[in-house]
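The values are calculated or read from the model by the stated rules, or taken from the named source; none is laboratory data. Note that the structure is predicted; figures quoted are calculated from it, not measured. Cβ placement follows ideal geometry from the backbone for every residue including glycine, while neighbour counts extend to all protein chains displayed.
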Amino acid sequence: MPKFILYIMLLCASPMTLAQTAYKTVKDTILLKSKIDNMSKQTNSIESDFVQVKNLSMLSEKITSKGHFWFQKQNNLRWEYSEPYKYTIVINKDKILIKDEGKVKKYDMNSNKVFKEINDIMISCVNGDILGSNKFKITYFENDKFYKLELSPNVKGMKESLKQINMYFDKNVSSVVKLDMIEPGDDATTIDFSNKKINATITPEKFMLK
């Protein structure tokens, strides 16, 4: 999977401290799966601030980015970076639009299997319906405040660029509050979501770029 495409996947949230008590295995996974499935069905849109922190083995300092995020069924995403630079990625159904330094580039999702694969993972992670995918082995953990799902790729091509995804839910399972994306070399991107608005109205213009 090209690094550029993987970078698109990792674009995502305001810091939260999730390192509470140690995680233990979830006993009733059927109940948790049911809660996540209900959340997915009831979520039509999400708007949120985000902070993204990248830990790269070749760098001693973390790379932190901030911005705003929008999601809307079916298959609409917007990641708008404001710090330390302005950069926007929009997924509008089968199109990917990227705006960098005032220039907009367009890509056709259907003409690139890698784009489509990354898009499916992004959408599934955000709205929580990734549990239905057979492309990951999923293990379930919890502590006093959060559920943590560890997703390990089953697909050979995906394993080459992605070691694991960690998804965190609050105990009410109202939304995803954090994502970890870990590469085979243990470079990692952590995405925290804050100030979320669930099922608020989002105008179609948010998923367009000029």
Return the total of residues in the stretch 25-70 being touching a Cys at 6+ places or on another chain (Cβ under 6 Å) and polar (S, T, N, Q).
-> 1
Hits in the stretch 171-197 (condition: within 24 Å of S34 (Cβ to Cβ) and either exposed (fewer than 15 other Cβ atoms within 10 Å of the Cβ) or among the polar types (S, T, N, Q) (or both)) = K171, N172, S174, S175
Could you say whether any residue in the stretch 109-120 is acidic (D, E), surrounded by 15 or more Cβ atoms within 10 Å (Cβ to Cβ) and over 23 Å from K210 (Cβ atoms)?
-> yes
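Let's see how each residue does on (1) modelled with pLDDT under 90; (2) surrounded by 12 or more Cβ atoms within 10 Å (Cβ to Cβ):
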residue	(1), (2)
M9	yes, yes
M16	yes, yes
I30	no, no
S60	yes, no
N92	yes, yes
Could you please find all residues in the stretch 144-157 being surrounded by fewer than 17 Cβ atoms within 10 Å (Cβ to Cβ) and touching a strand residue (DSSP E or B) at 6+ places or on another chain (Cβ under 9 Å)?
-> K145, S152, N154, V155
Could we say that K54 is within 18 Å of T190 (Cα to Cα), surrounded by fewer than 16 Cβ atoms within 10 Å (Cβ to Cβ) and basic (K, R) here?
-> no
Verdict on K137 being closer than 30 Å to L32 by Cα, in contact with a Leu (Cβ under 8 Å, 6 or more places away or on another chain), in a strand (DSSP E or B) and of a type in the set (K, R) = yes
Complete set of residues in the stretch 181-210 that are at pLDDT below 90 and among the acidic types (D, E) = E183, D186, D187
Near pairs, Cβ below 9 angstrom, 6+ apart or cross-chain, from the stretch 145-166 (over 20 Å from I191 (Cα atoms)) to any residue that is surrounded by 14 or more Cβ atoms within 10 Å (Cβ to Cβ) and modelled with pLDDT of 90 or more | K159/S152
With E160, E101, E150, E83 as the choices, which residue is closer than 30 Å to L59 by Cα and either of a type in the set (A, V, I, L, M, F, W, C) or under 15 Å from the mean Cα position of the chain (by Cα) (or both)?
-> E150
Across (1) buried (at least 17 other Cβ atoms within 10 Å of the Cβ); (2) more than 23 Å from M158 (Cα to Cα); (3) at pLDDT 75 or above, S124 clears everything bar (2)
Mind checking whether some residue in the stretch 90-101 is under 25 Å from M158 (Cβ atoms) and among the polar types (S, T, N, Q)?
-> yes
